[in-house]
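Trainee: The structure under discussion is supplied below as structure tokens; questions concerning it will follow.
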Amino acid sequence: MTASIAGAQIQFGAKAGLNLSTINVSNSGSTSFKIKPGFHAGGLVYIPLFNNFGLQPEVMYSAEGSKISDGTESGNYNLGYINVPVLFKYKDPSGFFAEIGPQIGVLLSAKVKANGQTVDEKDYIKSTEISGALGIGYLTSLNIGIDARYNLGLTNIAKDSGGETAKNGVIQVGIFYLFGGSKK
């Protein structure tokens, strides 16, 4: 298998797209958490393994969070992560693909913006997060692709939560371009 990986056409790529994220909070009381738009951007490497299977590690900046409201006030919870998914990918010869794998996120910033004021909340959010990623997409013969992915937070991101859990949920729709290697 090592010899086949060494001779394979490794491809590098750039990717960007839209995030639709929310924070799923247990026992949130009267506070509601709704979908907030954001973006993701970064780079990826596609490493063919065998037949139509490959490994795709990525490094992405991801703007996540949630719109929040407690009935009287509303605002945005803005979280900035560097996410590193490592995806096992199946590519059909037609160009369609499916991917699944773990993701680790490193928190860069956590801010709540409400009533024209911004408050730093980084001390209340854990510095790392583990997620599971599941996606589908299509790669054209020009090495331009589109994908849709769901990142399901598996770990509680809240520090000292008193039994309450807070987990990220992010829908991502993106476009990417692969440099070098064979098409599809």
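The values are calculated or read from the model by the stated rules, or taken from the named source; none is laboratory data. Model, not experiment: these values are computed from the prediction. Cβ: placed from backbone, ideal geometry, glycine included. Neighbour counts: every protein chain shown.
Trainee: Tell me the residue from VAL112, VAL119 that is at pLDDT below 95, in contact with a Phe, Trp or Tyr (Cβ under 6 Å, 6 or more places away or on another chain) and among the β-branched types (Val, Ile, Thr), please.
Mentor: Exactly one residue qualifies, and that residue is VAL112.
Trainee: Next question. Working only within the stretch 60-89, note down all residues that are surrounded by fewer than 22 Cβ atoms within 10 Å (Cβ to Cβ), touching a Lys or Arg at 6+ places or on another chain (Cβ under 9 Å) and of a type in the set (D, E, K, R).
Mentor: The answer is LYS67, and nothing else.
Trainee: Can you tell me how many residues within the stretch 106-129 are of a type in the set (D, E, K, R) and farther than 18 Å from THR165 by Cα?
Mentor: 3
Trainee: Can you give me the number of residues within the stretch 123-149 that are over 25 Å from GLY43 (Cα atoms) and either within 15 Å of the chain's Cα centre (by Cα) or exposed (fewer than 15 other Cβ atoms within 10 Å of the Cβ) (or both)?
Mentor: Total meeting the criteria: 2.
Trainee: Any residue that is surrounded by fewer than 16 Cβ atoms within 10 Å (Cβ to Cβ), touching a residue at least 60 places away in the same chain (Cβ under 8 Å) and in contact with a Lys or Arg (Cβ under 6 Å, 6 or more places away or on another chain) - is there at least one of those in the stretch 93-115?
Mentor: So far as the stretch 93-115 goes, yes, one or more of its residues are surrounded by fewer than 16 Cβ atoms within 10 Å (Cβ to Cβ), touching a residue at least 60 places away in the same chain (Cβ under 8 Å) and in contact with a Lys or Arg (Cβ under 6 Å, 6 or more places away or on another chain).
Trainee: Out of the residues in the stretch 1-14 that are surrounded by 12 or more Cβ atoms within 10 Å (Cβ to Cβ) and modelled with pLDDT under 70, which is farthest from THR140 (Cα to Cα)?
Mentor: ILE5
Trainee: Whether any residue in the stretch 151-164 is closer than 30 Å to PRO48 by Cα, acidic (Asp, Glu) and exposed (fewer than 14 other Cβ atoms within 10 Å of the Cβ) is what I want to check.
Mentor: no
Trainee: Being small (Gly, Ala, Ser) and within 19 Å of ASN151 (Cβ to Cβ) is the filter; apply it to the stretch 15-54 and report the residue that is modelled with the lowest pLDDT.
Mentor: Top of the filtered list is SER26.
Trainee: In the stretch 45-64, which residues are within 13 Å of ILE82 (Cα to Cα) and touching a residue at least 60 places away in the same chain (Cβ under 8 Å)?
Mentor: Correct list: SER62, GLU64.
Trainee: Additional query: Count, please, the residues in the stretch 26-60 that happen to be closer than 15 Å to ALA98 by Cα and charged (D, E, K, R).
Mentor: 0
Trainee: Condition test on ASN76, is it closer than 22 Å to ALA41 by Cα, in contact with a strand residue (DSSP E or B) (Cβ under 7 Å, 6 or more places away or on another chain) and modelled with pLDDT under 95?
Mentor: Judged against the criteria, ASN76 is a match.
Trainee: Report every pair of residues separated by at least 6 positions or lying on different chains whose Cβ atoms are under 7 Å apart, first residue within the stretch 159-174 and closer than 30 Å to PHE97 by Cβ and touching a residue at least 60 places away in the same chain (Cβ under 8 Å), second part of a loop (DSSP other than H, G, I, E, B) and not acidic (Asp, Glu).
Mentor: LYS167/ASN156; LYS167/ILE157; ASN168/ILE157
Trainee: Sticking with this structure for a sec: Please specify each residue of the stretch 135-154 satisfying the condition of being of a type in the set (Ser, Thr, Tyr) and out of contact with any strand residue (DSSP E or B) (no Cβ under 8 Å at 6 or more places or on another chain).
Mentor: Once the filter is applied, which keeps residues that are of a type in the set (Ser, Thr, Tyr) and out of contact with any strand residue (DSSP E or B) (no Cβ under 8 Å at 6 or more places or on another chain), the stretch 135-154 yields THR140, SER141.
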